[in-house]
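Shown next, in structure tokens, is the structure this report addresses.
The values are calculated or read from the model by the stated rules, or taken from the named source; none is laboratory data. Values in this document were obtained by computation on a predicted structure and should not be read as measured data. Using ideal geometry, Cβ is built from the backbone for each residue, glycine included, and neighbour counts are taken over all protein chains shown.
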Amino acid sequence: MTETILAVDRVTKRFPGVVANDAVSVDIRRGEIHCLLGENGAGKTTLADILYGVYRPDEGSVTFRGETLELHTPRDAIAAGIGMVHQHFELVPPMSVVENVVIGTSASQWLDLSEVRDRLNEFFHNYDVEIDPDAEVGRLSVGEQQWVEIFKTLYFGVEVLILDEPTAVLTPQGVQELFRILRRMRDEGLTIILITHKLKEVMELSDRVTVLRLGKVVGTVNTADVEMRDLAQMMVGREVLFQFDKERSHPGEAVLEVDGIHLASVTGRGSLKGLSLSVHAGEVVGLAGVSGNGQNALFDALVGVEQPSAGAIRIGGVDIAELSANRIGQLGMASVPADRIAQGLLMDFKVKENLVLGRHRSNPFSRAGVLNRSAIDGFAAESIEGFDIRTPSASQLTRTLSGGNLQKVIMARELSGEPRLLVAHQPTRGLDISASEYVRRRLLEERDRGAAVLLMSEDLDEIFQLSDRIAVIYDGRIVSETTPEQADLESLGLSMAGVDTVEAGSAA
Amino acid sequence: MEDLFTSAVLVGIFWATLRIATPLLLAALGELVCESSGILNLSLEGTMTMGAFAGFYVANETGSILAGLVAAGIGGAFLSLIMALMTVTAKVNQVVAGLALNILGLGLAFFWYRSIYEAEGSIDIPTVETMQAPFEFFPIPWLTILAFVMVPVVWVFLYRTKYGLELRSVGHNPEACDMRGVGIISRQYVAVVFGGVMAGLAGSFLSLGSTGLFFPDIISGRGWIALAIVIFGNWRATWVLVGSLLFGFLEATQLALQASDVDLPYQLLLALPFVLTIVALVFNRSRSNVPLSLTIPYHRGER
């Protein structure tokens, strides 16, 4: 049990401008679940990618089962017995589960899928996972796709399985299911390395944990010997506030009224099927749900990119059905999109240009159709100062900013007009603890200023922290509504998974 | 109208359909494999012209049709190798590279033709007849047989071999393949060059099998039609066959219409293939088989 299977010895990996791993040493024992814990940019994924042959270390060495590991490609790693499931899946969506497993294997050139299919069925059966091996991967749920990824890796008979943030896409029940099976796999002798920034998961699942910060190892500890608070402090380097001191909300009149809207998505998944919701001035409504249940369609409908086929959306009593996104903005709506790079910013434009994007057409940023540079520069300087945007200058290309700073640019732009309604979709996804804290505090400040805030998030902790009311979206509808005081994680998780929440008594 | 339905005319349309469909089918099958790997090769027109010229020149010089066909394949491979160098290795924008090579292929073929033949008209080459398979009752060109045989060959390759599966995977998600050690570059080179050889052969059918002539605009848009057929066929070998035959049939009927005294604008039939392609695109939208990474260059480590 205490035999070291994988030893990382003073590994250093540099990328232009950063040292991603700085003399990192970790030893992984056979048959343990070992967490790599750290904020974004701490170097967890880089370390895992080195173990998986994606990157080669600049210095240091890795020893696997007593022998020095020389990896050039992931294929070498798999051949040696190390497999990895990345945060975004390495699957080919239009192909079946079986076909996805066969890619890159040493199976014969004449495809004979029956043997693979049998082995997969055995796997799935063994672990009580119900997936049709001939199903098209793109049509599976995200959780099922994750199973495919895991089994695809295990198919090669690896001894060490690395999982990069595997719970990000799962419901609380899905997480429990995953943990149950991971524990079983560990008991059967598999060594598991789990990358995460979620303290709860570390506490619940791991045997030992190595904390990374800014590319360096802070320490390796037995999970049983520490408290969550200790790990948080190791991870961030200072004390972390787990609870915001949130004042009671004083909701005013309804600012956003969504009344039974229907909206079909192109793919058929994530359509809205009669969704109703209201958000009042001075409150945060948290919309909880697993991704793909209509959040994207709702966001698109609210900002005016898509037109619902039925139902109505009113902002401050005005029906927005016939209005363009620009006019909706003039009603006092601001939005923070989930995909900040694709939907929120022009990455090849300057920071100051992104800061006025959308408002560039009106006073004072343009006069008679000509941009007013001095007004833009002045506003940009103010925003960079006010929102603590870390950039060398306002004329910096937006592409070069970190994720947290990108989000600050969007927040600065959207909040500058003092909106009546703020719709924030996954505002802290991918941000580290410090940046997340900042964004969350800003959202609460908006609430306290009197704005109506709709927070769409998959992070339940965030929902609980910020919301005055919680609504759960499932299959294009709101299936339950509650408050953070009344809600418990379990029932919320069940609603998110679509388990019927209608009172059992009414049927009898 | 009746004279359009005489057996002589119908048989004529049948043979003309096969004849017209042959280069389309060859080029479209090659392009299908190429696009399956994620590379859009827009230079079919130029590549076919190159094949037509190389085949014509070598057949004329050596007196051997077979040597001409080999040369046509090499000519197509030559141009597509440049395409692969630009798009797979140098990761140039595929549309730009394809359009540029189109001009290069047309220009080179024209240039060599003019410098070798000094603007002579047609030159006699060792007969179109030697292209025919020796079935007396069934005067069908070898290349037509090859084109039809290639349909199941391409299908089996793409859907029943591991290499084909991996080639299609590269076209959908090269990163996933890279992570599993599947060679992306080699597969894309194979696919692009295969497409070039097929386009070269398709071109040579026009100069060696159809007319026995070469002139600079001998392809006259067939490369573009082959590209449309791949879209019409929704990136499926069987539907590419259907598309080629349909396009061939419409063209053949249109020709027969022109020859008859039926008062129907043949331009309508000429336009029909393209209308059908657009209609097919609209209807396929939700279950399109288009390779998901088509035209997107893959850079390792950009994650």
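How many of the residues in segment B:138-191 are in contact (Cβ under 8 Å) with a residue 24 or more places away in the chain, in a helix (DSSP H, G or I) and within 7 Å of chain A (Cβ to nearest Cβ)?
The total comes to 3.
Look through A:397, A:415 and report the one residue that is in contact with an Asp or Glu (Cβ under 7 Å, 6 or more places away or on another chain), over 26 Å from residue A:272 (Cβ atoms), surrounded by fewer than 20 Cβ atoms within 10 Å (Cβ to Cβ) and not basic (Lys, Arg).
A:397
Show me the helices (runs of 4 or more DSSP H) found entirely inside segment B:205-303 where at least 1 residues are among the aromatic types (Phe, Trp, Tyr) and under 18 Å from residue B:147 (Cβ atoms).
Counting at least 1 such residues, we get B:222-232, B:237-259.
Kindly indicate which of A:120, A:154, A:140 is buried (at least 20 other Cβ atoms within 10 Å of the Cβ), closer than 26 Å to residue B:169 by Cα and aliphatic (A, V, I, L, M).
Step by step, each of A:120, A:154, A:140 is checked, and only A:120 is buried (at least 20 other Cβ atoms within 10 Å of the Cβ), closer than 26 Å to residue B:169 by Cα and aliphatic (A, V, I, L, M).
Could you tell me which residue of segment A:264-276 is nearest to the other protein chains (Cβ to nearest Cβ), considering only residues that are within 18 Å of residue A:314 (Cα to Cα) and surrounded by fewer than 22 Cβ atoms within 10 Å (Cβ to Cβ)?
A:273
Any residue that is assigned to a helix (DSSP H, G or I) and over 25 Å from residue A:253 (Cα atoms) - is there at least one of those in segment A:444-460?
yes
Being within 28 Å of the chain's Cα centre (by Cα) and either more than 8 Å from chain B (Cβ to nearest Cβ) or in a loop (DSSP other than H, G, I, E, B) (or both) is the filter here; which residues of segment A:61-83 pass it?
The answer is A:73, A:77, A:82, A:83.
Out of curiosity, is residue A:92 in contact with a Pro (Cβ under 9 Å, 6 or more places away or on another chain), crowded, with 19+ Cβ neighbours inside 10 Å and within 14 Å of another protein chain (Cβ to nearest Cβ)?
For residue A:92, the condition - in contact with a Pro (Cβ under 9 Å, 6 or more places away or on another chain), crowded, with 19+ Cβ neighbours inside 10 Å and within 14 Å of another protein chain (Cβ to nearest Cβ) - is not met.
Of the residues that sit in segment B:192-223 and are out of contact with any strand residue (DSSP E or B) (no Cβ under 9 Å at 6 or more places or on another chain) and of a type in the set (S, T, N, Q), which one is nearest to the other protein chains (Cβ to nearest Cβ)?
B:204
Given the conditions (1) within 24 Å of residue A:231 (Cα to Cα); (2) over 28 Å from the mean Cα position of the chain (by Cα); (3) part of a helix (DSSP H, G or I), report the number of the one that residue A:46 does not fulfil.
So the condition that residue A:46 fails would be (2).
Which members of segment B:220-259 meet the condition of being more than 30 Å from residue B:164 (Cα to Cα) and in contact (Cβ under 8 Å) with a residue 60 or more places away in the chain?
Those that are more than 30 Å from residue B:164 (Cα to Cα) and in contact (Cβ under 8 Å) with a residue 60 or more places away in the chain: B:249, B:251, B:252, B:253, B:255, B:256, B:257.
For segment A:95-128, how many residues meet the condition of being assigned to a loop (DSSP other than H, G, I, E, B), of a type in the set (D, E, K, R) and away from chain B (no Cβ under 13 Å)?
Going through segment A:95-128 one residue at a time, the tally reaches 1.
Here are B:103, B:82: which of them is part of a helix (DSSP H, G or I) and free of Cβ contacts under 8 Å to residues at least 24 places away in the same chain?
Only one candidate passes the filter, namely B:82.
Can you name the condition, by its number, that residue A:117 falls short on among (1) at pLDDT below 90; (2) of a type in the set (Lys, Arg); (3) touching a Pro at 6+ places or on another chain (Cβ under 8 Å)?
Here residue A:117 clears every test but (1).
Give the residue that is farthest from residue A:284 (Cα to Cα), with candidates limited to residues of segment A:424-443 that are β-branched (Val, Ile, Thr) and in a helix (DSSP H, G or I).
So the residue we want is A:433.
How many residues does segment B:41-60 contain that are more than 23 Å from residue B:211 (Cβ to Cβ) and surrounded by fewer than 24 Cβ atoms within 10 Å (Cβ to Cβ)?
Total meeting the criteria: 1.
Given the options A:137, A:148, A:142, A:158, name the one that is aliphatic (A, V, I, L, M) and more than 25 Å from the chain's Cα centre (by Cα).
Of the residues listed, the single one that is aliphatic (A, V, I, L, M) and more than 25 Å from the chain's Cα centre (by Cα) is A:158.
Which one is nearest to residue A:148 (Cα to Cα) among residues in segment A:49-72 that are out of contact with any helix residue (DSSP H, G or I) (no Cβ under 8 Å at 6 or more places or on another chain) and surrounded by 16 or more Cβ atoms within 10 Å (Cβ to Cβ)?
Across segment A:49-72, the extreme among qualifying residues is A:49.
Assess whether residue A:168 counts as being aliphatic (A, V, I, L, M), more than 14 Å from chain B (Cβ to nearest Cβ) and over 25 Å from residue A:64 (Cα atoms).
The answer is yes for residue A:168.
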